[in-house]
Amino acid sequence: MPGYVALVLHAHLPYVRHPEHPRSLEERWFFEALWECYLPLLAVLDRLADDRVVAPLTLSVSPPLLAMLRDELLLGRFEDHLRRLTALAARVEARFAGSGFAEAAAFYRARLAGASSAWEALGGDVPGALVRHAEAGRIELITTAATHAYLPGLLPAPASIRAQLRLGRRAFAALTGAPEPAGLWLPECAYDPSLGADLAAAGVRFTVLDAHGLLLGAPPPAGASVPVLSPAGVACFGRDRDSAREVWSRDAGYPGHPVYREFYRDVGFDLPERDLDGEIGPDGARLMTGLKLHRVTGPGSDKAPYEPARAFAQARAHAAEFVARREAALASGSGAPAAPIQVAPYDAELFGHWWLEGPEFLEHALRRLAASERVVPITLGAYLERHPPREIVEPAASTWGEGGFGSFWTGPSAARLWRHAHHAERAVRGAVARCHGAGGLPGRALDQAIRELLLLQSSDWAFMMTTGEMVPYAEARVRAHAARARRLASLAEQALAAPADAAWLDAICTLDPFLSELTGPALRDAFDPWR
């Protein structure tokens, strides 16, 4: 019996929406991911469909990302961003005509033109396109917690864990029109044994953990090459370490190859301000434009011109090597179970943003997997239909990422945010208990308090604090959501609100319309352990 390979992509961005700023720097994260990652991913799926290549993958899409993909303000701003960047690319191409950078400059102009055409053909509806591919069986869509909260950090607040799980699934259904999915991506692959019952109660059938979460389970399983069943009845797949290292490793991973595009050299820093066509930050601050004309070359600061054709050929070669290694590993496992599976999960944003050639690698890996006689590409749900897990194992507390046990999200650099999260949670949970059936202005305040609490609980703020990137922004978001959640919870319990409070509520609902599709019981019942 052949072995299986499951490619799993997790698409997530923090919820970033700033109508108070005409050109928010943080909104650029979303714009960059759209044209560099999500549109190229859809193009890959379309080409595979046109060629009748059967190589399904599993794709997790977070509610914050789906909400942004449905936000008319952000989509309009993305179109403006694309127009400005296309104009800049034309200027860059003209500037470098006839030079060693001409090929790279022409590549970006053509790539942006293709993104504009693809966006127009989609009518701006990325979620709809994903659902169509899912309905055709080319991908399996799953989702994650409502705001990608680091769930073990909420263990002192079990009502919030239930709400994150239940509202994540409800939000996915509301924003896509698809049924609630069977699978759920645990944010940061973070598991604790106490989460099992809530996962099962929320309707989650399967999830993915890092391999050591399975291997350190009780009792220890035979290995991590097949999923185990938790005592609560949730199937847990283990991440394959080798496929992770081949793509993620800073030292040995594919994206570090010398011919690939260098991420950290950008025309936004290399060109004179007069040539940037207004693509600068406040007070003349330089910023990444996404137009990068150099290749990795080597570890030093001297970088050679980027050669797209050569780089894309290397991506295809790496795809062939990746599949060959999966075939060899599955064929050589001594004492392996009858239906081993290598689960290869990655952040979707790696493919196209951090690793420009990533979509090319992904497409050709899928083509080779489909043509292989030794392995079968499969989605996680389809694997479970064929091979239900037999071992009952309680996985160990674990995460992916540095350290493997959560210090990245709860360590010294991020510890201060949890105080705000737990204080706000108590205020909101109390208001939900006392004002569950509230309508009118108190009901609106209660619903918005829940939304602000969810946004406060996002794991993205801890990530930024620990990496040292965008720390002031993360701290500002934590303070803002915590203060709003507490004030809104108080407002929900007031029979009569002052005109100033009513005006403030209107402003906050406009500022943070996250999950406005869910109101009343659809939001509040998620906190109730009996519903």
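The values are calculated or read from the model by the stated rules, or taken from the named source; none is laboratory data. Source: prediction; values computed, not measured. Note that each Cβ is placed from the backbone with ideal geometry, even for glycine, and that neighbours are counted across all protein chains shown. To get the accessible areas, we keep the full protein, side chains included, count just its heavy atoms, and leave off ligands, DNA and RNA. Shrake-Rupley method; radii C 1.70, N 1.55, O 1.52, S 1.80 Å.
Using C-alpha pairs under 8 Å with a sequence gap of at least 6, the mean separation divided by the residue count of region 113-171 gives a relative contact order of 29 percent.
When only the Cβ of Lys, Arg, Asp and Glu is charged (+1, +1, -1, -1), the dipole of the chain relative to its Cα centre reaches about 600 debye. For region 50-129, the orientation-averaged shadow of the C-alpha convex hull comes to 7.5 nm² (one quarter of the hull surface). Of 473, 306, the order by accessible heavy-atom surface (1.4 Å probe, DNA, RNA and ligands excluded), from most exposed downward, is 473, 306. Over region 246-302, the fraction of Cα-Cα pairs per 10 Å bin, rounded to whole percents and listed from the shortest bin up, is 23, 39, 26, 12, 0. The mean of 1/r over all distinct Cα pairs in region 338-432, once inverted, gives the Kirkwood hydrodynamic radius of 18.1 Å. Taking the Cα atoms of region 194-241, the ratio Rg/Rh between the radius of gyration and the Kirkwood radius comes to 0.95.
Estimated at the nearest 10 Å², the accessible area of residue 470 is 80 Å² with a 1.4 Å probe. Of 461, 504, 400, the residue with the largest accessible area leads and the full order is 504, 400, 461 (1.4 Å probe).
Per-residue Karplus couplings for region 431-447, computed as 6.51 cos²θ - 1.76 cosθ + 1.60 with θ equal to phi - 60°, are listed in order as 5, 4, 5, 8, 10, 4, x, 4, x, x, 5, x, x, 4, 4, 5, 4 Hz, Gly and Pro entered as x.
Here's how it looks for residue 306: its modeled amide H is under 5 Å from those of 294, 295, which are all 5 or more places away or on a different chain. As a size descriptor, the averaged projected area of the C-alpha convex hull of region 388-531 was calculated at 11.5 nm².
In order along region 354-368, phi translates into HN-Hα couplings of 6, 10, 3, 7, x, x, 5, 4, 4, 4, 7, 5, 5, 4, 6 Hz, rounded to whole numbers, per the Karplus curve 6.51 cos²θ - 1.76 cosθ + 1.60 with θ = phi - 60° and x for Gly and Pro. What are the residues whose amide H is under 5 Å from the amide H of residue 4, where those residues sit 5 or more places off or on another chain and H is modelled from the backbone? HN-HN under 5 Å from residue 4: 341, 342, 376.
Loop-only check: which GluC sites (Glu not before Pro) in region 463-531 are DSSP coil with at most 10 other Cβ within 10 angstrom? When the GluC sites (Glu not before Pro) of region 463-531 are filtered for loop state and at most 10 Cβ neighbours within 10 Å, 469 remain. In a DSSP loop and with at most 12 other Cβ atoms within 10 Å, there are no trypsin sites (Lys or Arg not before Pro) in region 426-489.
The value obtained for region 12-99, namely the Cα convex hull volume divided by the number of residues, is 142 Å³ per residue. The three principal axes of the Cα atoms in region 298-385 give end-to-end lengths of 50, 25, 24 Å, sorted in falling order. Taking the DSSP bridge list for the chain and keeping only pairs wholly inside it, about 20 percent are antiparallel. Put the Cα centre of region 424-488 next to the Cα centre of region 1-70 and the gap is 26 Å. If the chain linking residue 500 and residue 392 were pulled fully straight, counting 0.36 nm for each residue of separation and taking away their Cα-Cα distance, it would gain 33.2 nm.
In percent, rounded to a whole number, the relative contact order of region 5-125 is 33, using alpha-carbon pairs under 8 Å and six or more apart. According to the calculation over all Cα-Cα pairs in region 1-151, the P(r) per 5 Å bin from zero is 2, 8, 16, 18, 18, 15, 11, 8, 4, 1, 0, 0 %. The mean of 1/r over all pairs of different alpha-carbon atoms in the chain, once inverted, gives a Kirkwood hydrodynamic radius of 24.2 Å. Applying a DSSP loop filter and a limit of 15 other Cβ atoms within 10 Å to the trypsin sites (Lys or Arg not before Pro) in region 17-101 leaves 23, 52.
Please calculate how many Å² of accessible area the chain carries per residue, with a 1.4 Å probe and no DNA, RNA or ligand atoms counted. Accessible area per residue, the chain: 39 Å². Listed values for region 239-249 are Karplus-derived 3J(HN,Hα) couplings in whole Hz (6.51 cos²θ - 1.76 cosθ + 1.60, θ = phi - 60°), namely 5, 6, 5, 5, 5, 5, 5, 4, 9, 8, 4, and x replaces Gly and Pro. Computed about its Cα centre, the charge dipole of region 470-525 is approximately 220 debye, with only Lys, Arg, Asp and Glu carrying charge at their Cβ. Cα centroids of region 364-409 and region 216-238: 11 Å apart. Evaluated at q = 0.13 Å⁻¹, a Debye calculation over the C-alpha positions of region 220-276 (equal weights, vacuum) places log10 I(q)/I(0) at -0.61.
Structural size metrics of region 113-255, computed from C-alpha coordinates, are Rg and Dmax of 17.5, 55 Å.
Put simply, the C-alpha atoms of region 217-347 give a gyration tensor, and the ellipsoid matching it has half-axes of 42, 20, 11 Å, longest first. In the calculated pair-distance distribution of region 418-461, the portion above 15 angstrom amounts to 41 percent of the Cα-Cα pairs.
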